[in-house]
Amino acid sequence: MAGEPISLRLERLLKKQELFPKGAVLLAACSGGADSLAMTSVLQQVGQEEGWQVFVCHIQHHLRGEEAESDALFVEKFCQERHLPFIRADVDVKQLVEREKISVEEAARKLRYQVLRENCDKLNAAAIVTGHHQDDQAETVLMNLLRGAGTRGLRGMQTRNGLIVRPFLEAARHDMEEYCRQQGIDWCTDSSNECIDYKRNSIRKELLPMLEKYNPQIKRVLATTALLAARDQQFLEQLARDYLQKNGQIKDNSYLLCVKGFSEIAPALSTRILMLALQNYAKEKAGQLESKHIEALLLLIKKGRSGAVLNLPGVKAEYAYGFLKISHLGKAEAVEEFLSVLPVPGRIKLPNDQILTVESVIGEKPLPTRKQAVYPRSLVTGIIEIRNRKNGDRFRTRNGYAKKLKEYLIDKKIPQAERDALLLVCSGSDVLWIINEQAAGWKVDKSFREWLVFTLIEGGK
């Protein structure tokens with residue numbers, strides 16, 4: 001309502017969502033910024049009516065020297081003045097960056113949510129509450145779009161995602177700051193938010209202001225888009241769950257899914273069915289599953305070749321007589337470090353910024369270059385994958401004689417570590433090209449008139 005104090009607006013926003021039961025224990029994640037302080041204050045105010053017990057957790061990432069320590073002390077004082085239980089957690093972001101070779105942003109986020117979940121469990125809290133707002137949502141949607149996250153990424157952040165609850169996604173950043181000003185609450189300013197080397201900061205400080213020139217309400221528009229996409233996603237996922245309920249079952253420690261007539265299902269639904277099936281079964285490996293893995297499964301089902309197998313992060317998928325069998329990879333089955341399906345014609349990006357392309361050529365056999373491999377099209381009947389080696393792979397030498405890939409690599413005296421790092425162009429268990437090493441041979445046949453030409457391009461151009 002126009003002229004209504006911002007405190008009442010935010011309190012009403014929190015109440016109308018009915019996110020927490022009366023008497024709930026809640027863990028508020030508070031950095032010391034205006035958004036998290038406003039969230040904590042509103043949570044406490046409404047909590048007095050609802051009987052909530054609010055604990056506050058601050059994570060010291062040790063990335064900004066004295067400034068970070070000052071923020072931690074500020075939040076502790078804020079809690080003392082308001083008689084809020086305070087939890088401080090110190091984490092070593094740099095150590096995790098070094099150990100797992102990930103970005104500072106990713107490492108900080110990983111440790112932050114790890115600490116929050118641990119304390120949530122200790123307190124038996126109903127939720128971890130954050131101060132994310134409409135501006136954060138707009139940034140998240142844009143980040144997801146830029147990395148090609150698809151329609152699922154359009155959802156942005158959810159109000160509730162497991163234990164994580166974000167009650168103020170409908171409120172703007174200036175609402176949270178105005179609340180603090182009206183309540184006489186000072187807040188901390190994170191100097192790292194000014195560094196455009198971080199992708200989110202660059203989006204906030206460069207991309208969004210540019211978009212606002214075209215639409216001053218772009219943040220609200222993106223947040224609304226996220227809400228609508230979330231509703232569509234929720235509907236489709238419910239249909240997917242219904243399908244799995246009727247057509248899937250656990251059998252002999254594997255998940256068996258009936259996929260007869262699967263090609264008749266709309267892609268928007270079929271992809272979600274497979275993703276949910278994999279997520280439910282893979283569990284701890286689910287975060288490694290990507291759209292390329294789903295597309296590979298769809299091709300596997302479409303081909304309909306009984307006995308065809310596809311290894312994915314954490315799981316093995318096997319098609320047989322209208323059923324898709326999903327099972328965990330055994331110790332002897334190494335999980336591929338790289339897996340991608342290569343359509344014809346098509347191109348994919350490989351590690352080290354290399355690009356692999358494939359095209360179909362009709363006529364006489366093309367003469368390959370040092371960075372090319374040529375293979376008869378008629379000898380490739382299945383999906384073309386780019387992956388690391390696995391048990392059962394076969395490789396044909398120049399005379400067309402097939403032997404185990406392992407034996408070939410041993411004969412070539414390629415060390416174990418180098419063998420595991422090799423990338424292969426494969427069709428099923430047939431290796432068409434050991435990239436950067438050797439192309440497969442075949443028995444000469446004059447009827448060959450169509451050729452697959454694989455080309456490796458350096459530098460990702």
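The values are calculated or read from the model by the stated rules, or taken from the named source; none is laboratory data. All figures in this text were calculated on a predicted structure; none of them were measured in a lab. Quick reminder, even Gly has a Cβ in these numbers, built from the backbone with ideal geometry, and neighbours come from all protein chains shown.
Values as computed for the structure displayed
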{"read-out": "Residue check for residue 58: at positive phi and not in a helix (DSSP H, G or I)", "value": "no"}
{"read-out": "Residue among 20, 78 that alone is assigned to a loop (DSSP other than H, G, I, E, B), on the phi < 0 side of the Ramachandran plot and surrounded by 16 or more Cβ atoms within 10 Å (Cβ to Cβ)", "value": "20"}
{"read-out": "Criterion: surrounded by 13 or more Cβ atoms within 10 Å (Cβ to Cβ), outside the structural domain of residue 264 (by TED's automatic domain parsing) and either at pLDDT 95 or above or not in a helix (DSSP H, G or I) (or both) - qualifying residue of 203, 185", "value": "185"}
{"read-out": "Selection count, segment 64-92, where residues are of a type in the set (A, V, I, L, M, F, W, C) and over 19 Å from residue 43 (Cα atoms)", "value": "5"}
{"read-out": "Restricting segment 257-307 to residues that are of a type in the set (A, V, I, L, M, F, W, C) and in contact with a Gly (Cβ under 7 Å, 6 or more places away or on another chain), the residue that is modelled with the lowest pLDDT", "value": "282"}
{"read-out": "Selected residue (only one of 91, 129 is within 29 Å of residue 185 (Cα to Cα), modelled with pLDDT of 95 or more and of a type in the set (Val, Ile, Thr))", "value": "129"}
{"read-out": "Single match in 170, 178 (criterion: farther than 30 Å from residue 65 by Cα and touching a residue at least 60 places away in the same chain (Cβ under 8 Å))", "value": "170"}
{"read-out": "Test result for residue 300, in contact with a helix residue (DSSP H, G or I) (Cβ under 7 Å, 6 or more places away or on another chain) and buried (at least 17 other Cβ atoms within 10 Å of the Cβ)", "value": "no"}
{"read-out": "Residues of segment 228-250 that turn out to be free of Cβ contacts under 8 Å to residues at least 24 places away in the same chain and part of a helix (DSSP H, G or I), as a count", "value": "9"}
{"read-out": "Among (1) modelled with pLDDT of 95 or more; (2) under 19 Å from residue 75 (Cα atoms), the one test that residue 167 misses", "value": "(2)"}
{"read-out": "Residue in segment 43-66 that is surrounded by the most Cβ atoms within 10 Å (Cβ to Cβ), counting only those that are closer than 21 Å to residue 106 by Cα and in contact (Cβ under 8 Å) with a residue 40 or more places away in the chain", "value": "59"}
{"read-out": "Strands (runs of 3 or more DSSP E) wholly inside segment 294-405 containing at least 2 residues that are farther than 26 Å from residue 457 by Cβ", "value": "309-312, 315-320, 323-328, 402-404"}
{"read-out": "Pick from segment 134-150, criterion over 10 Å from residue 169 (Cα atoms) and of a type in the set (S, T, N, Q), ranking: modelled with the lowest pLDDT", "value": "144"}
{"read-out": "Candidate set from segment 412-435 (those that are out of contact with any Lys or Arg (no Cβ under 8 Å at 6 or more places or on another chain) and either at pLDDT 85 or above or within 12 Å of residue 454 (Cα to Cα) (or both)); member that is surrounded by the fewest Cβ atoms within 10 Å (Cβ to Cβ)", "value": "427"}
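Yes/no matrix, rows are residues, columns are (1) free of Cβ contacts under 8 Å to residues at least 60 places away in the same chain; (2) of a type in the set (Lys, Arg):
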residue	(1), (2)
391	yes, no
397	yes, no
406	yes, yes
409	yes, no
424	yes, no
427	yes, no
432	yes, no
446	yes, yes
453	no, no
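Rundown of residues vs (1) farther than 23 Å from residue 172 by Cβ; (2) outside the structural domain of residue 181 (by TED's automatic domain parsing); (3) of a type outside the set (A, V, I, L, M, F, W, C), yes/no style:
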{"position": "10", "(1), (2), (3)": "no, no, no"}
{"position": "29", "(1), (2), (3)": "no, no, no"}
{"position": "32", "(1), (2), (3)": "no, no, yes"}
{"position": "50", "(1), (2), (3)": "yes, no, yes"}
{"position": "55", "(1), (2), (3)": "yes, no, no"}
{"position": "59", "(1), (2), (3)": "yes, no, no"}
{"position": "64", "(1), (2), (3)": "yes, no, yes"}
{"position": "74", "(1), (2), (3)": "yes, no, no"}
